[in-house]
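What follows is a set of notes on a single structure, which appears directly below.
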Amino acid sequence: MNLRRSAALGAVLVLALAACSGNDDKASPSGAGSSAAKGEKVTLTYVNWDGGMDKVVDEWNKLNPDIQVKLSKPSGTGYTLYNKLITNNKAGTNPDITEVEYQALPALIANQVVVPIDDYVKGLDAKYDKASLSQVQFEGKTYGVPQNVCPMVFFYRKDVFDKLGLKAPATWAEYATVAAAIHKADPKKFIGNFTAADPGWFAGLAQQAGANWWKADGDTWSVAINDAASKKVADYWDDLIKKGLVSPQPNWSAQWNTDMNNGTIVGWVGAQWGPNQLPSIAKDTAGKWAAAPLPAWTAGDTAVGIWGGETEAVTANSKHPAEAAKFVEWMNSSDAGMDSLIKNVQAFPASPQGQQLPALKTPPPFMSTQPDYNTLMATAAKGVRTFDIWGPNANVTFDSYSNAFGAALQKKTSLSAALDTMQEATVSDMKKLGFQVAG
């Protein structure tokens, strides 16, 4: 199996979570290509757009005078950065290390922008669960250390729910029932919204339902974005929309922000990082929100999808891959690195060991009335179910989602049919890129 333009990508399903042990806070690279092991001072370049990352880098630099990291912010985030990395790869001008979201990593591997770090980082299978490692391991090779995990959860206005005598829904059937009760009590209020602006949001819901959008068998890909699980999710939300029980306002829009702040929308199907965003979304509602597990399709089922997440990858242009890999490992796997990420970047570590660090004993300020917030997130993380593999052109799939679902909402046509549009767009693009696709 080969992740190149004319071939396929295979995901490695690694061992389940085993006992965790901490890393030394100070790096001591000794693998092939290590300059620091020879007594030479190394300076690594690192591109990352996260606020607070400068403080994490500063802590590394204090601990490692012979391996210094120089941080820079990219001119654009997401695929704007990834496309630039692909373009600059042949010119040899990429940084040593780059931030990359999980769904985009296969595209960088396919274009030979990033390299495996197995020669420098060992034992990850004993420190991370299968779901997290499947995001960074392909074809038996490891292209990063999982940084964070973002299980989907349900945020709700506890004050409103309490006043109406309602509880957070445990199942999607209950979600629909509670949605009707809220809207009946006040026709101007909604339990939540359906967003056509966030393909990662829908992908996470599809993961929970059992979807697996991409598979690879040898050199042949199978694509199933319009599978039965995904259509079940689409039909469910379609029904709520047609009954007027959820708002069609997309996340991050000015109207959605207003509705979240003034109590028109009293719930949000979000993810672990929600409290980091809520202060700018609903600034007047601090202390009024609570988080609950994501509603399940079957009562008692703990499976949830993810919305977001990233790693750091070492680029093919790096002249110091051993040192770069050790920095990545320290940041995402050592207690010191993860503690710094928690405090400065508000990351929730993918590492189960990191999820138990003292820094997470205190809830996010916006959720100060829920002291067990991070405990809830750690429990939710144990039930994370992801796609076995992301496709090499997830950007096309995501663009198609926004266009197809946006059009469906505007024209009041089937959301399920929008999945067919996504399927066609994804397969057509993969074939154009030279990948062999079944069917």
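Considering each residue of region 403-424 in turn, none proves to be hydroxyl-bearing (S, T, Y), closer than 29 Å to V149 by Cβ, in contact with a helix residue (DSSP H, G or I) (Cβ under 6 Å, 6 or more places away or on another chain) and assigned by TED's automatic domain parsing to the domain that holds A216.
The condition of being touching a helix residue (DSSP H, G or I) at 6+ places or on another chain (Cβ under 8 Å), under 26 Å from M430 (Cβ atoms), modelled with pLDDT of 95 or more and surrounded by fewer than 23 Cβ atoms within 10 Å (Cβ to Cβ) holds for only one of V136, V100, V115, that being V115.
Looking only at residues in region 131-167 that are among the charged types (D, E, K, R) and in a strand (DSSP E or B), which one is nearest to D388 (Cα to Cα)? Ranking the candidates gives K141 first.
Selection over region 296-310 of residues that are buried (at least 16 other Cβ atoms within 10 Å of the Cβ) and closer than 21 Å to I191 by Cβ gives a count of 5.
Could you please find all residues in region 365-417 being among the aliphatic types (A, V, I, L, M) and in contact (Cβ under 8 Å) with a residue 40 or more places away in the chain? Please lay out each step first, then the result.
Step one: filter region 365-417 for residues among the aliphatic types (A, V, I, L, M), giving 367, 376-378, 380-381, 384, 389, 394, 396, 404, 407-409, 415, 417.
Hits for region 365-417 are M367, L376, M377, A380, A381, V384, I389, A394, A408, L409, L415.
One residue stands out in region 379-394 among those that are within 15 Å of the chain's Cα centre (by Cα) and in a helix (DSSP H, G or I): the one that is nearest to D198 (Cα to Cα), namely A394. Across region 258-295, which residue is farthest from the chain's Cα centre (by Cα) among those that are closer than 14 Å to G383 by Cα and crowded, with 20+ Cβ neighbours inside 10 Å? So the residue we want is P295. When W49, W60 are checked against the criterion of being in contact with a Pro (Cβ under 9 Å, 6 or more places away or on another chain) and either surrounded by fewer than 16 Cβ atoms within 10 Å (Cβ to Cβ) or of a type in the set (A, V, I, L, M, F, W, C) (or both), W49 stands alone in meeting it. Per the listing A394, A407, A425, the residue uniquely among the aliphatic types (A, V, I, L, M) and either surrounded by fewer than 17 Cβ atoms within 10 Å (Cβ to Cβ) or on the phi > 0 side of the Ramachandran plot (or both) is A407. Being of a type in the set (S, T, Y) and over 23 Å from the mean Cα position of the chain (by Cα) is a description that does not apply to S400.
Out of everything in region 147-206 that is polar (S, T, N, Q) and under 19 Å from the mean Cα position of the chain (by Cα), what residue ends up being farthest from N262 (Cα to Cα)?
Q147
Which one of the conditions (1) surrounded by fewer than 22 Cβ atoms within 10 Å (Cβ to Cβ); (2) within 19 Å of the chain's Cα centre (by Cα) does G144 fail to meet, given that it meets all the rest? Exception for G144: condition (1).
Can you find a residue in region 217-232 that is under 17 Å from P295 (Cβ atoms), at pLDDT 95 or above and hydrophobic (A, V, I, L, M, F, W, C)? Within region 217-232, one or more residues are under 17 Å from P295 (Cβ atoms), at pLDDT 95 or above and hydrophobic (A, V, I, L, M, F, W, C).
A count restricted to region 45-86 and to residues that are more than 17 Å from E329 (Cα to Cα), part of a helix (DSSP H, G or I), touching a Phe, Trp or Tyr at 6+ places or on another chain (Cβ under 9 Å) and not hydroxyl-bearing (S, T, Y) stands at 1. Restricting the first member to region 419-434 and to residues that are assigned to a helix (DSSP H, G or I), and the second to residues that are loosely packed, with under 15 Cβ neighbours inside 10 Å and modelled with pLDDT under 95, the beta-carbon pairs closer than 8 Å and six or more apart or on different chains are V427/G439; L433/R5.
None of G192, G218 is touching a residue at least 40 places away in the same chain (Cβ under 8 Å) and under 21 Å from F155 (Cα atoms) except G192.
Given the structure, is M331 within 18 Å of the chain's Cα centre (by Cα) and closer than 19 Å to Q68 by Cβ? Spelling it out, M331 is indeed within 18 Å of the chain's Cα centre (by Cα) and closer than 19 Å to Q68 by Cβ. Report yes if T375 is surrounded by fewer than 22 Cβ atoms within 10 Å (Cβ to Cβ), modelled with pLDDT of 95 or more and within 19 Å of Q207 (Cβ to Cβ), otherwise no. Judged against the criteria, T375 is not a match. Taken over region 160-208, the criterion of being among the hydroxyl-bearing types (S, T, Y), surrounded by fewer than 21 Cβ atoms within 10 Å (Cβ to Cβ) and within 30 Å of A394 (Cβ to Cβ) is satisfied by T171 alone.
For region 128-181, what are the residues that are hydroxyl-bearing (S, T, Y) and more than 21 Å from V114 (Cβ to Cβ)?
Here is the first cut: in region 128-181, the ones hydroxyl-bearing (S, T, Y) are 128, 132, 134, 142-143, 156, 171, 175, 177.
Selection gives Y156, T171, Y175, T177.
Within the bounds of region 219-239, is there any residue that is in contact with an Asp or Glu (Cβ under 8 Å, 6 or more places away or on another chain) and farther than 24 Å from K431 by Cβ? Within region 219-239 (the criterion being in contact with an Asp or Glu (Cβ under 8 Å, 6 or more places away or on another chain) and farther than 24 Å from K431 by Cβ), the answer is no, since none of the residues qualifies.
The values are calculated or read from the model by the stated rules, or taken from the named source; none is laboratory data. None of these values were measured; they are calculated from a predicted model. Positions of Cβ are backbone-derived with ideal geometry, glycine not excepted, and every protein chain shown enters the neighbour counts.
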